[in-house]
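Have a look at the structure below, then the notes.
The values are calculated or read from the model by the stated rules, or taken from the named source; none is laboratory data. Everything numeric in this text was worked out from a predicted model, so none of it was measured. Because the Cβ atoms are built from the backbone with ideal geometry, glycine has one as well, and the counts that use them run over all protein chains shown. Quick note on the areas: whole protein, heavy atoms, side chains included, nothing else; ligands and nucleic acids left out. Shrake-Rupley method; radii C 1.70, N 1.55, O 1.52, S 1.80 Å.
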Protein chains: 2
Amino acid sequence: MEKVDCIFFQLAKAYQLGNRFLTQRVSELNLTSVQAMILGFLDHEDQVTSSELGKRAELDSATLTGILDRLETAGFIERKGNPDDRRSIRIHLTKQGKVMAHEASRVIIEANKEFLQVLTEEQKRDLHGIIQTLRQYTTRLKTHIKHPGRMPEKRSNYGNHS
Amino acid sequence: MEKVDCIFFQLAKAYQLGNRFLTQRVSELNLTSVQAMILGFLDHEDQVTSSELGKRAELDSATLTGILDRLETAGFIERKGNPDDRRSIRIHLTKQGKVMAHEASRVIIEANKEFLQVLTEEQKRDLHGIIQTLRQYTTRLKTHIKHPGRMPEKRSNYGNHS
DNA sequence: TCTATTATACTCGTACACAAGTTAATTGCA
DNA sequence: TGCAATTAACTTGTGTACGAGTATAATAGA
């Protein structure tokens, strides 16, 4: 198996290429690529809960917590408690966070165009369709979403702390 | 910018999807996806230097060092000094490393086929071509390969250890 | 020859991805 | 109503990506 024929290798390198590209573009804003994308989501809609944002960004809650920590430390977002559901939080952009989110969106759109400019319109459509197909079909085989049932059978002494 | 139209987002999720898929397949060997691929490279050609392997796997030397550490700890490879060039090392598979490398190759090939089975032959060719195009053209804009020249001008006191 | 440069492999620090597990709050159901 | 199951957010630990910097060895040029 040559690496050229290995889809996992090729996807990894394509991702890394895109990620380095975007990372460089947003580095002028002192953001990472992921932070910029999260701000982009928030630019589109503010005041969401962490789990809602996680669903949209398709991020693990552990990963998202870390990203939000850094965005909060940087002063771009704030976490606010939700009186309606005291488990959840609301994420909202600060004043400078709004400015930064708007800038991030702009840079991402720009980078997107530039990154794809080597492809023909047909190739762009093809790539879009192929990724959609892969994601739709393959997600069922192994998702990152927790399986609700089918745990490896613990019965009696579960939670037995004596 | 909807996330569907963001190539960076789509590439990231496609990669993560493939990576989770392969990770699950090679987990029966107690390997990570990257470890399996490195063993796959070594299955193809043994006794290479770290930098040579890094070039083939297109990995940063810092990243590769860590991966080799874990493969060495697991007993699959050994690092041997090279008398011809005392800076470099030779990586070679141990006895059980050879077995594992062969198994890893097998599982990767199998997983590759299964992962791509939802695509038509034409889509596979398209995807291949698109990724090649992106990687060839875009690599020039920002590579992870060190620029040999053009360092930010250090002159006199380089290596001045007094 | 001797010094500046380059190459090899390494360490360190930061950021993500993700599995697993925790705590507290909410919901569902008998 | 009361308890089990679920949910929200977080923590912990491991692995990977990568920028930056280090020590040692090899090499090229004056």
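Numbers at a glance
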read-out	value
Pick from region A:23-62, criterion touching a Gly at 6+ places or on another chain (Cβ under 8 Å) and touching a residue at least 12 places away in the same chain (Cβ under 8 Å), ranking: farthest from DNA strand D (Cβ to nearest atom)	A:39
Some residue of region A:48-57 being of a type outside the set (Asp, Glu), in contact with a strand residue (DSSP E or B) (Cβ under 7 Å, 6 or more places away or on another chain) and in a strand (DSSP E or B)	yes
Checking residue A:55 against (1) closer than 27 Å to residue B:17 by Cα; (2) buried (at least 16 other Cβ atoms within 10 Å of the Cβ); (3) more than 8 Å from DNA strand C (Cβ to nearest atom), the condition it does not meet	(2)
Residue B:65 being more than 14 Å from chain A (Cβ to nearest Cβ), over 22 Å from residue A:3 (Cα atoms) and not aliphatic (A, V, I, L, M)	no
Filter pass, residue A:85 being farther than 14 Å from residue B:9 by Cβ, at pLDDT below 95, within 8 Å of DNA strand C (Cβ to nearest atom) and open to solvent by less than 60 Å² (accessible area, probe 1.4 Å)	yes
Selection status of residue B:11, of a type in the set (A, V, I, L, M) and more than 11 Å from chain A (Cβ to nearest Cβ)	no
First in region A:100-121 and at the interface with chain B (Cβ under 7 Å from one of its Cβ atoms), second anywhere and open to solvent by 60 Å² or more (accessible area, probe 1.4 Å) and of a type in the set (Ser, Thr, Tyr), Cβ under 7 Å, 6 or more apart	A:118/B:137
Qualifying residues in region A:32-44 (those that are among the polar types (S, T, N, Q) and buried (at least 19 other Cβ atoms within 10 Å of the Cβ)) - the one farthest from DNA strand C (Cβ to nearest atom)	A:33
Residue satisfying all of: in region B:63-82; open to solvent by 60 Å² or more (accessible area, probe 1.4 Å) and over 12 Å from the mean Cα position of the chain (by Cα); farthest from DNA strand D (Cβ to nearest atom) among these	B:78
Every residue from region B:1-31 that is under 18 Å from residue A:1 (Cα atoms) and open to solvent by 40 Å² or more (accessible area, probe 1.4 Å)	B:19, B:23, B:25
